[in-house]
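The values are calculated or read from the model by the stated rules, or taken from the named source; none is laboratory data. This is a predicted model, so every value here is computed, not measured. Methodologically, a virtual Cβ is constructed for each residue, glycine included, from the backbone with ideal geometry; neighbour enumeration extends over all protein chains shown.
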Amino acid sequence: LYKKKWEEQQRISGRRTSGMRLASFFLLFLVAGASATRIAAGESEEDYIERPKYRTPDEIKKENKEVFPEESPAPLSDEALRWMKTRHLFLIKKAVDQGANEWEKLQKIAELFYEQHQSRRRQSQRALEEYCMANLRKLIGDVNVDRLMHLYMESATPEHMQSAFASMISRIRDEEASNQAEQYGLFCKKILRIISLEPAAIMDWLSDEQRAQLQLLIIDKQISDDVIYEKVYEFYNETTDKEEAQETIASACRRFIADLFGDDIVEEIEDLKDQAEKPQVMASKLHQHINEVENSDTERVYGRSVWLCERVYVGYAGYCECGGRADGCDDTQTCIDCRGNTEGAMCQRCLPGYEWSLEGDRCVEPCICNGHSTLCDDFGTCQNCTDNTTGKYCEQCEEGFVGNARGGTSEDCTECTCRLDQECVLSAEGTIECITPLEAIFEGDSGNDTDILEALARIDGNLKTDEQKKGESDQKNENDETKEEGLKKEEVAENQIRGPEESAIEDAKNGADEGGEKEEEKEAK
């Protein structure tokens, strides 16, 4: 719940505006206001160089002799440290070997946890939050902790919460308890991600001499920003402890990007790094988010401020690489007008509907050969179909073979074993049947009655056996007899309806007719 509220705070609180102001001083923090006033007043560069050298926050802290609590912090549980890898243990051991006490070790753990991917932080987030709440309640009381959590849930700014916490600590009379509360507060604000952007942190690895040289370059208006950036990168390459410098820059860059664009963008870049993605692709992703900023001045500030993060954190050297499939890059380090059916920041992906071909290092149409070939030309036509198949996609059986070539196995097409005058046909059940072609029956000399009947059945679509024909004839005769009987019954019924007189007349008439017919027969004889 705390995590969701914090993400909501990042979206609502308008921290992008404050992040933009801080980002504009990403390198300019090296110039002190007093020094600029002296230069404007006409003091010489020699006077300026003789001024006291810049002191890092760590040096100032050592001079002030920071007092840590005498009592060691409460130990962290195994569940709270479940997210740690071998690399994290090595960095903590290194800090201890360099003289870090238990409280500094605790802060190092919080710093490393803050930089982890959300999926890894989730393993121990609840345990670490409970650790924070339990120890702060002992020192500043339940009321003050509840007040802080209320501010947190209401999406208060980090500055507001830190000011309220400082006010609570100032009321603690016991110095030991006050020191402990301050240390736990530093730890918990990283666990709950209640921190503000600190641009100067990215330069903590510079020496005093290097800082002085950069100051001279920054105040000279005739020197471009590109020259200053290249000088910083030169110092990075010359540093004796490059591993520490790289870790410092990477840590600051993760915070810088998260503060400006959100945790999701940092985790997107981290995922690409874990996948060994090309630096140019990651730099392009970063610039795309910069270009989403509507204000042109803000976009310019962001673009200039992420330069060192690109070079060290992302590892992008600034060269436009398109694999010969484009002629250049735009201002987001993305290749323009990729050729060869490709797309992407480096033209490294095939367009939808195409796939990468190892031969010729190019994108071609998909090679779909139903498992009977692995080689296609640039147009997707299968080459060298095997297993007795043929066709553009090896989807047909060769002549003399029958079967379903799309089955994807070596037994898809089987050799036809029928007579030479017959054809092989695949039945619905998947079996092979031998069928005699019609022309072989009617034009051949050896056709038999069975073949002729089968052929006629294929033409007519209705093969009738002798028994079926006999049955049909019997049925017809039966129907005729039934009809004749019906006519006789109608005649009898009609005679019953007519009277005796009409019947006699009809009989006489019939008798006369019969007599006339007999006379005619005699004459004819």
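Within segment 234-250, take every residue that is within 40 Å of the chain's Cα centre (by Cα) and outside any helix (DSSP H, G or I) and give me the one that is modelled with the highest pLDDT. Ranking the qualifying residues of segment 234-250, first place goes to THR239.
Filtering ASP208, ASP271, ASP204, ASP259 for residues that are surrounded by fewer than 17 Cβ atoms within 10 Å (Cβ to Cβ), in contact with a Lys or Arg (Cβ under 8 Å, 6 or more places away or on another chain), in contact (Cβ under 8 Å) with a residue 24 or more places away in the chain and of a type in the set (Asp, Glu) leaves a single hit, ASP208.
Take the conditions assigned to a loop (DSSP other than H, G, I, E, B), in contact with a Cys (Cβ under 8 Å, 6 or more places away or on another chain) and farther than 23 Å from MET282 by Cβ and apply them to CYS385. Does it pass? So CYS385 passes the test. Scanning segment 379-403 for residues that are surrounded by 13 or more Cβ atoms within 10 Å (Cβ to Cβ) and modelled with pLDDT under 80 yields one hit, GLY380. Go through segment 327-361 residue by residue and tally those that are over 27 Å from VAL314 (Cβ atoms) and buried (at least 17 other Cβ atoms within 10 Å of the Cβ). Adding up the residues that qualify gives 3. Among the numbered conditions (1) surrounded by fewer than 19 Cβ atoms within 10 Å (Cβ to Cβ); (2) closer than 29 Å to PRO73 by Cα, the only one that TYR229 does not meet is (2).
One residue alone among SER124, SER119 is of a type in the set (Ser, Thr, Tyr), under 27 Å from the mean Cα position of the chain (by Cα) and either farther than 26 Å from ALA258 by Cα or buried (at least 17 other Cβ atoms within 10 Å of the Cβ) (or both), and that residue is SER124. Looking at segment 315-323, can you tell me whether even one residue there is in contact (Cβ under 8 Å) with a residue 24 or more places away in the chain and of a type in the set (D, E, K, R)? The answer is yes; a qualifying residue exists. Say whether the condition of being outside any helix (DSSP H, G or I) and modelled with pLDDT of 90 or more is met by at least one residue in segment 124-139. Yes, the conditions are met somewhere in segment 124-139. Residues in segment 232-286 that are among the acidic types (Asp, Glu) and more than 21 Å from ASP208 (Cα to Cα): ASP259, ASP263, ASP264, GLU267, GLU268, GLU270, ASP271, ASP274, GLU277. Inside segment 68-80, can you point out the residues that are surrounded by fewer than 17 Cβ atoms within 10 Å (Cβ to Cβ) and outside any loop (DSSP other than H, G, I, E, B)? Residue satisfying the conditions is GLU79 alone.
Here is a yes/no grid of residues against (1) modelled with pLDDT of 80 or more; (2) assigned to a loop (DSSP other than H, G, I, E, B); (3) more than 30 Å from LYS138 (Cβ to Cβ); (4) outside the structural domain of GLN125 (by TED's automatic domain parsing):
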residue	(1), (2), (3), (4)
ILE172	yes, yes, no, no
PHE187	yes, no, no, no
TRP205	no, yes, yes, yes
LEU217	yes, no, yes, yes
ASP226	no, no, yes, yes
VAL232	yes, no, yes, yes
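Considering SER251, SER224, SER284, the condition of being surrounded by fewer than 17 Cβ atoms within 10 Å (Cβ to Cβ) and either of a type in the set (Gly, Ala, Ser) or touching a residue at least 12 places away in the same chain (Cβ under 8 Å) (or both) is satisfied by SER224 alone.
Residue-wise test of (1) at pLDDT below 80; (2) under 22 Å from the mean Cα position of the chain (by Cα); (3) part of a strand (DSSP E or B).
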residue: GLU310; (1), (2), (3): yes, no, no
residue: ALA317; (1), (2), (3): yes, no, no
residue: GLU321; (1), (2), (3): no, no, no
residue: GLY324; (1), (2), (3): no, no, no
residue: THR332; (1), (2), (3): yes, yes, no
residue: GLY353; (1), (2), (3): yes, yes, no
residue: CYS369; (1), (2), (3): no, no, no
residue: SER373; (1), (2), (3): no, no, no
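The residue pairs whose first member lies in segment 135-160 and is in contact (Cβ under 8 Å) with a residue 60 or more places away in the chain, whose second member is aromatic (Phe, Trp, Tyr) and crowded, with 16+ Cβ neighbours inside 10 Å, and whose beta carbons are closer than 6 Å, counting only pairs six or more residues apart or on different chains, are ASN135/TYR184.
Do you know which of the residues in segment 80-110 that are closer than 15 Å to GLU244 by Cα and of a type in the set (Lys, Arg) is nearest to the chain's Cα centre (by Cα)? Going through the qualifying residues, I end up with ARG87.
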